[in-house]
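The next block holds one structure in the form of structure tokens; read it before the comments.
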Amino acid sequence: MGPMGPAGPAGTGGTGAGFAITRVTGSASIAMPASGKSVIYLVTTGRNNVTVTLPPASTADGRFVIVKRQDRGRLVFVRPANGDTIEASRSTLRMEDQRDSLTFVTDGTEWVVLSQHD
């Protein structure tokens, strides 16, 4: 058997460790790719605060979402989709500094913060 991905063997039939990278400069809802890849959202704020909404946990079971702040502009907020939670809370997380990042994973029912760099 080959290397393991987040939801099983990497390669044919597994999700592997592939990431789709998206750059955003305004508020956005994260979309999980049909390819089964995890996602990295690189956020540049400019003059306005930016809110990034996680996808519904049920659409991303076993995949990772990384949100990374790229600049020193305004604030970045990360919130769960309507009805979802981040570690049993509906609260919005706040990223204040350049190069802050949050890594999330879901079991299909709620989001969990795996790492936070600030």
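Can you work out the PRE-style zone for residue 19? Point 7 Å along Cα to Cβ, and I want the residues of the range 34-76 with backbone N under 12 Å.
Output list for this probe position: 38-43, 64-69.
Near residue 97, within a Cβ-to-Cβ distance under 15 Å, what is the net charge of the other residues, with Lys and Arg +1 and Asp and Glu -1?
Neighbourhood net charge equals +2.
Read phi for every residue in the range 52-68 and hand back ³J(HN,Hα) as whole Hz from Karplus 6.51 cos²θ - 1.76 cosθ + 1.60, θ = phi - 60°, with x for Gly and Pro.
Values per residue, Gly and Pro as x: 10, 9, 5, x, x, 4, 5, 9, 9, 3, x, 10, 9, 10, 10, 10, 10 Hz.
What is the packing order of peptides 78-90, 44-56, taking the mean over residues of other C-beta atoms within 10 Å and listing the highest first?
Order by mean packing, descending: 44-56, 78-90.
The chain: D in µm²/s via Stokes-Einstein (Kirkwood Rh, Cα pairs, 37 °C, 0.692 mPa s)?
Answer from the Stokes-Einstein relation: 227 µm²/s.
Net charge within 12 Å of residue 110 by Cβ-Cβ distance, Lys/Arg positive one each and Asp/Glu negative one each, not counting residue 110 itself?
Taking every Cβ under 12 Å from that of residue 110, the sum is -3.
Test of understanding: extend the Cα→C-beta vector of residue 98 to 7 Å, then name every residue of the range 29-69 with backbone N under 18 Å from that spot.
Residues passing the 18 Å test: 42-50, 68-69.
Can you run phi through the Karplus equation (6.51, -1.76, 1.60; θ = phi - 60°) for the range 76-86 and list ³J(HN,Hα) in whole Hz, with x for Gly and Pro?
Ordered by residue, 3J(HN,Hα) equals 10, 10, 10, 10, x, 5, 3, x, 9, 9, 10 Hz.
Quickly work out the residue 88-to-residue 27 label distance, labels modelled 7 Å from Cα along the C-beta direction, and quote it in nm with one decimal.
The two pseudo-label positions are separated by 2.9 nm.
Report relative contact order for the range 31-105 in percent, whole number only (criteria: Cα-Cα under 8 Å, sequence separation at least 6).
So the answer I get is 33 percent.
What distance in nm separates the two pseudo spin-label positions at residue 112 and residue 58, each 7 Å out from Cα along the beta-carbon direction?
2.1 nm
Taken together, the values in this text are just the output of simple stated rules run on the coordinates, not laboratory data. Owing to the predicted nature of the structure, the values given are computational and were not obtained by experimental measurement. Positions of Cβ are generated from backbone atoms using ideal geometry, with glycine treated the same way; all protein chains shown enter the neighbour counts.
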